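The values are calculated or read from the model by the stated rules, or taken from the named source; none is laboratory data. Because the structure is a prediction, the values reported are computed rather than measured. Every residue, glycine among them, receives a Cβ derived from its backbone with ideal geometry; neighbour counts consider all protein chains shown. Side chains included, ligands, DNA and RNA excluded: accessible areas come from the protein's heavy atoms. Shrake-Rupley method; radii C 1.70, N 1.55, O 1.52, S 1.80 Å.
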Amino acid sequence: MAYRLFEGKDHASIYQKYRFTPPNDLKNIIIQYLDKKKGQPHVLAVDLGCGTGQNSRLLAPHFKEVVGIDISECQLGEARAVPGYPNITYRTGTAEQLPFPDGSVDLLTAASAAHWFDPSRFLAEASRILKPGGCMALLGYSDSNTRLHYQDCGDRLKHIYEEGKQVLLPYTSNPVLVTEGKLEELYSAIPFPDKERIESFQEKSLISVRNLVGFIESWSMFQAFKKKDPQRGEDLLVHIQRRFLEEMGATSPDTEIEWELEYFCVLASKPQ
Ligand SMILES: C[S@@+](CC[C@H](N)C(=O)[O-])C[C@H]1O[C@@H](n2cnc3c(N)ncnc32)[C@H](O)[C@@H]1O
């Protein structure tokens, strides 16, 4: 059974607005890995569960062609609306049944998405479509080590963030909880001997209170919570934003916080 928690038009536009692009330095590690294992040319990258295309766009300068695949047509509609990437195409599809011939793909990625896939069917497809030496890179972030810094109140801000997550816990799907294990089970199941894991890749950036609240709004568990009770959903976001600003002694939601996110990445290369 496929999970379909990213289908709504509103959810897709929130995704486009508030989701982060993966770190450039992590992307460089992935490209270097591909260079080492398969070498040039970099012809085709396929970005699975591409959502609104943040990771697909990051890959675009490195490949002749990038194809973003997602099960949600609304997410793809937002991705297609971003101009300036003539070598990217977006196609509706699933990670478990991929529309590519055997041995045709240089790099297969999934950013914050592989936890939603059926592991054995996805890995069978990945093994089939990758070229010899072709690579997969399954990246994501582990939220339990997220750190917030603003003057001396970072720990209190983290506490407010965690309280919000607690409210949403009953609406949190098992695959989301699995990401805290940094895809360990999926990593073990990859049938290639040549594989490795980056367990911790820290990315520091600035984020406004408004965008942090928007990020929470993009979560599948927030959307499930809001679907059940739209007013409580709205109230929760207003409450989190107000508590952040109070703690910071700030009035504008455009005030920025330093935000530390811990990414991970599973890398594997198909035997030559
Ligand atoms: C958390 S979002 C990540 C989107 C994007 N890669 C990013 O980094 O922001 C997960 C995406 O995976 C898609 N998805 C879930 N299950 C899928 C499947 N079996 N095959 C393809 N896409 C899937 C969802 O529709 C959603 O757009």
Worksheet item: If you build a Gaussian network model of the chain, linking Cα atoms that sit under 10 Å apart, which residue out of V67, V238, V46 swings the most?
Response: V238
Worksheet item: Among F264, G84, L206, whose Cα sits farthest toward the positive end of the charge dipole of the stretch 9-269 (+1 at Cβ of Lys/Arg, -1 at Cβ of Asp/Glu, about the Cα centre)?
Response: G84
Worksheet entry | Selected from D118, D106, D47 as most flexible by GNM, with the chain as the system and alpha-carbon contacts under 10 Å | D118
Worksheet item: Most mobile of Q166, Q241, Q151 per a Gaussian network model of the chain (Cα springs, under 10 Å)?
Response: Q151
Worksheet item: What angle, in degrees between 0 and 90 and rounded to the nearest 10, separates the Cα long axis of helix 24-37 from the longest principal axis of the Cα atoms of the chain?
Response: 20 degrees
Worksheet item: Just for the chain, what percent of DSSP beta bridges are antiparallel, to the closest 5?
Response: 55 percent
Worksheet item: Could you give the accessible area per residue of the chain, probe 1.4 Å, as a whole number in Å²?
Response: 46 Å²
Worksheet item: How big is the antiparallel share of DSSP beta bridges in the stretch 1-108, given as a percent to the nearest 5?
Response: 10 percent
Worksheet item: In the chain, what percent of the accessible surface is made up of carbon and sulfur (1.4 Å probe, ligands and nucleic acids excluded)?
Response: 51 percent
Worksheet item: Under a point-charge model restricted to the Cβ atoms of Lys and Arg (+1) and Asp and Glu (-1), what is the dipole moment magnitude of the stretch 9-269 relative to its Cα centre, in debye to the nearest 20?
Response: 580 debye
Discussion item. Once you place label points 7 Å from the Cα toward the Cβ at K204 and E180, how far apart are they in nm?
Written reply: 2.6 nm
Worksheet item: If you average over every viewing direction, what projected area does the convex hull of the Cα atoms of the stretch 1-123 give, in nm²?
Response: 7.5 nm²
Worksheet entry | Taking the stretch 9-269 and dividing mean pair separation by its residue count, relative contact order in percent (alpha carbons under 8 Å, at least six apart) | 22 percent
Discussion item. Please list, in order, the residues from the stretch 116-156 whose amide nitrogen is less than 12 Å from a point placed 7 Å along the Cα→Cβ vector of T255.
Written reply: 150-154
Worksheet item: What angle do you read, to the nearest 10 degrees and between 0 and 90, between the alpha-carbon axis of helix 154-168 and the longest principal axis of the chain?
Response: 80 degrees
Worksheet item: Going toward the positive end of the dipole of the chain, with +1 on Lys and Arg Cβ and -1 on Asp and Glu Cβ, which of I129, G68, S56 do you reach last?
Response: I129
Fill in: Protection proxy ranking, peptides 78-88, 22-32, average beta carbon neighbours within 10 Å, highest first
22-32, 78-88
Worksheet item: R0 = 35 Å: FRET efficiency of N145 with S104, Cβ-based, nearest 0.05?
Response: 0.40
Practice prompt. Report the full-extension gain for the segment E163 to D10: residue separation times 0.36 nm, less the Cα-Cα distance, to one decimal in nm.
Written response: 52.6 nm
Discussion item. Just want the answer: with Cβ charges of +1 for Lys and Arg and -1 for Asp and Glu, which residue in F215, L139, L169 is farthest toward the dipole's positive end in the stretch 88-235?
Written reply: F215
Item to complete: Relative to the longest principal axis of the C-alpha atoms of the chain, give the angle of the C-alpha long axis of helix 209-218, reported between 0 and 90° and rounded to the nearest 10°.
Response: 60 degrees
